[in-house]
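*Asks:* Here's a structure for you.
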Amino acid sequence: MNTRTTVAAILAATALSLTACSGTDTAHGTGDAKHTVTPKVAPSPGWSAAEKAAGIPPKPTGAKRAQLLRALAAANPDVVKYEDKAVDAARNQCAAINGGAHKLEWMASQRFSYKDVTTNEAQGKQINEALKGLDFCKV
């Protein structure tokens, strides 16, 4: 639960800092282009600095995505019925793994239970081992 709170706080702080940026200097009434605020490094689509800081890896594509889905299906074939949900759950589970959370098996069982898919703690343990074995959670 602390990991989710931390991620939410980081995302909220990032959102607030971004909304505080203005393209013009209205306090001084100048609206010149020279007062524009430009980010030095644009985050890649699908992976923000806040996600990286929280231990969440980027969204996998291509062969890496296929490899992840095969590993998840080996632990529980039903979790990949909804591929995007499974990928998102894997990325979020990495935040728990990278953050040193307790009850990782239980957390995985909860994260990978959605719609008509149920994952038990034994399958959650297999999912955690697969994520670690693939080095998927390295950020």
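*Asks:* I'm told residue 41 meets every condition in (1) at pLDDT below 95; (2) open to solvent by less than 90 Å² (accessible area, probe 1.4 Å) except one. Can you identify the failing condition by its number?
*Replies:* The single condition residue 41 does not satisfy is (2).
Conditions tested, residue by residue: (1) within 20 Å of residue 51 (Cβ to Cβ); (2) in contact with a strand residue (DSSP E or B) (Cβ under 6 Å, 6 or more places away or on another chain); (3) not hydroxyl-bearing (Ser, Thr, Tyr).
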position	(1), (2), (3)
77	no, no, yes
99	yes, no, yes
103	no, no, yes
113	no, no, no
121	no, no, yes
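The values are calculated or read from the model by the stated rules, or taken from the named source; none is laboratory data. Just so it is clear, the structure is predicted and the values come from calculations on it, not from any experiment. Here the Cβ is made from the backbone with ideal geometry for all residues, glycine too, and neighbour counts use every protein chain on show. Just the protein is used for accessible areas: all its heavy atoms, side chains included, with ligands, DNA and RNA removed. Shrake-Rupley method; radii C 1.70, N 1.55, O 1.52, S 1.80 Å.
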